[in-house]
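Encoded as structure tokens, the structure appears first; notes follow it.
The values are calculated or read from the model by the stated rules, or taken from the named source; none is laboratory data. Given the structure is predicted, the values throughout are model-derived calculations rather than measurements. In this analysis, Cβ positions are derived from the backbone assuming ideal geometry, glycine residues included, and neighbour counts consider all displayed protein chains. Keep in mind that these areas ignore ligands, DNA and RNA; they rest on the heavy atoms of the full protein, side chains included. Shrake-Rupley method; radii C 1.70, N 1.55, O 1.52, S 1.80 Å.
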Amino acid sequence: MCGAPEQTAELPAGTDLSKESVLVGKVTNGGSPVGGAYVRLLDGTGEFTAEVVSSASGDYRFFAAPGTWTVRALSRAGNGQTEVTVGGPGLFTTEVSVAA
Amino acid sequence: MSRQDALVSADWAEENLDAPNTVFVEVDEDTTAYDGGHIPGAVKLDWKTELQDQVRRDFVDKAGFEKLLSAKGIGNDDTVILYGGNNNWFAAYAYWYFKLYGHQAVKLLDGGRKKWELDGRKLDTEVPQRSQTSYTAKEQDTSIRAFRDEVVNAIGTKNLVDVRSPDEFSGKLLAPAHLPQEQAQRGGHIPSALNVPWSKAANEDGTFKSDDELRKLYSEQGLDSSRSTIAYCRIGERSSHTWFALHELLGESDVKNYDGSWTEYGSLIGVPIETGPGQSGSGS
């Protein structure tokens with residue numbers, strides 16, 4: 001873990017974290033953010049659920065139901081994935097590191 | 001219809017960027033992607049502001065479509081190659097829309113923007129200047145467009161294919177997981193609908209699966225090829241992707257896209273709604 005303060009991705013106005021589960025994170029390569037990566041949210045059975053493109057700062061965001069999810073990133077620098085469990089409403093943060 | 005008539009590969013596209021009578025068109029919901037870099041020579045089409053009537057919930061009319069294509073510099077004799085982000089959702093929608101207004105020479109770039117970018121192919125910020133044409137559209141071909149009464153009447157008789165994610169199908173979510181869940185409507189699906197998420201028809205890089213894989217997928221999920229089919233999703237764009245797979249790639253004969261989709265059906269008073277995982281073709 002690096003010592004920099006956690007950067008919180010901006011949430012759309014009206015997002016109620018007492019009701020919604022929001023999954024945020026960064027795509028990184030050797031610690032540097034990867035913008036323009038295709039970030040795929042796969043459900044507990046590995047089935048595709050949603051896809052977004054990471055921002056210039058590598059950030060992505062999903063609105064997910066409680067459950068176990070895989071966040072998989074495809075980029076020109078390579079692919080990578082990580083698992084995250086969403087237990088209920090709130091903000092869940094992960095990082096996906098990609099490599100060729 | 002077959003794959004050769006309906007799809008072009010990224011390699012073909014790269015070699016034909018300057019081909020005569022060929023117009024590349026990027027279609028997106030958020031056109032900032034185009035502005036940041038697009039396939040060289042491509043013009044942009046905005047799904048929300050250009051293809052939808054800005055007052056009524058419907059498409060632009062025939063005269064509006066003629067005006068739009070004329071202004072974009074697209075002629076009746078041009079072959080239109082569509083591509084976009086979101087795994088070609090809106091490009092597939094535009095493909096269906098072009099067919100609806102009778103433009104036959106239209107193809108989809110396999111893999112869309114995603115494959116193009118992941119391959120590291122060239123993107124350009126220069127906006128091409130195309131001279132105005134005088135485009136003539138046909139009346140809407142409603143043999144490929146389903147409306148709500150037809151959908152209600154199709155319950156239990158036609159194949160209804162709900163191509164949303166399982167959580168949207170069951171009623172747990174009202175929109176895909178990358179969008180805020182703000183809709184005030186009921187969750188669930190049309191009774192008797194099969195749930196075959198659009199994503200099952202695509203590979204990870206956004207290209208379509210092979211015809212054999214697609215045929216196997218829909219038959220395993222319980223699609224009865226002897227019946228007519230209506231595909232729907234939330235707003236009709238993901239179901240255009242599945243309509244494309246069934247009608248254009250596999251050549252199924254009577255396939256319609258229900259563009260009203262769940263945002264219309266799930267807001268109708270009095271229609272039946274089913275919640276939960278529903279039926280599937282694999283014996284459950």
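Report yes if B:Ser219 is without any contact (Cβ under 8 Å) to a residue 40 or more places away in the chain and polar (S, T, N, Q), otherwise no. So B:Ser219 fails the test. Checking each residue in segment B:105-126 for being surrounded by 13 or more Cβ atoms within 10 Å (Cβ to Cβ), in a loop (DSSP other than H, G, I, E, B) and away from every other protein chain (no Cβ under 14 Å) picks out B:Ala105, B:Asp110. Taken over segment B:71-84, the residue count meeting the criterion of being open to solvent by 10 Å² or more (accessible area, probe 1.4 Å) and either within 14 Å of another protein chain (Cβ to nearest Cβ) or part of a helix (DSSP H, G or I) (or both) is 2. Within segment A:42-96, the residues that satisfy the criterion of being over 13 Å from the mean Cα position of the chain (by Cα), open to solvent by 30 Å² or more (accessible area, probe 1.4 Å) and under 18 Å from B:Gly85 (Cβ atoms) are A:Ala56, A:Arg76. When B:Pro166, B:Pro197, B:Pro191 are screened for being in contact with a Pro (Cβ under 6 Å, 6 or more places away or on another chain) and not aliphatic (A, V, I, L, M), only B:Pro191 passes.
Close contacts from segment A:50-65, counting a first residue that is without any contact (Cβ under 8 Å) to a residue 40 or more places away in the chain and within 7 Å of chain B (Cβ to nearest Cβ) and a second that is acidic (Asp, Glu) and part of a strand (DSSP E or B), with Cβ to Cβ under 9 Å and a gap of 6+ residues or different chains, come to none at all. List, please: which pairs have Cβ atoms under 6 Å, are six or more places apart or on different chains, and start with a residue in segment B:139-163 that is assigned to a loop (DSSP other than H, G, I, E, B) and end with one that is of a type in the set (Lys, Arg)? Final answer for the pair search is B:Ala146/B:Lys256; B:Lys158/B:Arg227; B:Val163/B:Arg238. Among the basic types (Lys, Arg), open to solvent by 40 Å² or more (accessible area, probe 1.4 Å) and either farther than 30 Å from B:Ser199 by Cα or touching an Asp or Glu at 6+ places or on another chain (Cβ under 8 Å) (or both), is that true of B:Lys158? No; evaluated as a whole, the condition is false for this residue. Evaluate segment B:183-205: report whether one residue or more is in contact with a Gly (Cβ under 6 Å, 6 or more places away or on another chain) and more than 29 Å from B:Thr275 (Cβ to Cβ). Yes: segment B:183-205 contains one or more residues that are in contact with a Gly (Cβ under 6 Å, 6 or more places away or on another chain) and more than 29 Å from B:Thr275 (Cβ to Cβ).
Does B:Glu66 satisfy the criteria of being open to solvent by 30 Å² or more (accessible area, probe 1.4 Å), under 30 Å from B:Phe147 (Cβ atoms) and away from chain A (no Cβ under 14 Å)?
On the way: open to solvent by 30 Å² or more (accessible area, probe 1.4 Å): yes; under 30 Å from B:Phe147 (Cβ atoms): yes; away from chain A (no Cβ under 14 Å): yes.
Here the answer is yes, as B:Glu66 does meet what is asked.
Does B:Gly276 satisfy being closer than 24 Å to B:Pro176 by Cα and in a loop (DSSP other than H, G, I, E, B)? Answer is yes for this residue. Somewhere in segment A:85-100, is a residue on the phi > 0 side of the Ramachandran plot, in contact with a helix residue (DSSP H, G or I) (Cβ under 9 Å, 6 or more places away or on another chain) and in contact (Cβ under 8 Å) with a residue 12 or more places away in the chain? Among the residues of segment A:85-100, not one is on the phi > 0 side of the Ramachandran plot, in contact with a helix residue (DSSP H, G or I) (Cβ under 9 Å, 6 or more places away or on another chain) and in contact (Cβ under 8 Å) with a residue 12 or more places away in the chain, which makes the answer no. Residues that are open to solvent by 50 Å² or more (accessible area, probe 1.4 Å), within 19 Å of the chain's Cα centre (by Cα), away from chain A (no Cβ under 14 Å) and aromatic (Phe, Trp, Tyr): does segment B:136-154 have at least one? Looking for residues that are open to solvent by 50 Å² or more (accessible area, probe 1.4 Å), within 19 Å of the chain's Cα centre (by Cα), away from chain A (no Cβ under 14 Å) and aromatic (Phe, Trp, Tyr), one finds at least one in segment B:136-154, hence yes. Scanning segment A:10-22 for residues that are more than 8 Å from every other protein chain (Cβ to nearest Cβ) and either at positive phi or hydrophobic (A, V, I, L, M, F, W, C) (or both) yields A:Leu11, A:Ala13, A:Leu17, A:Val22.
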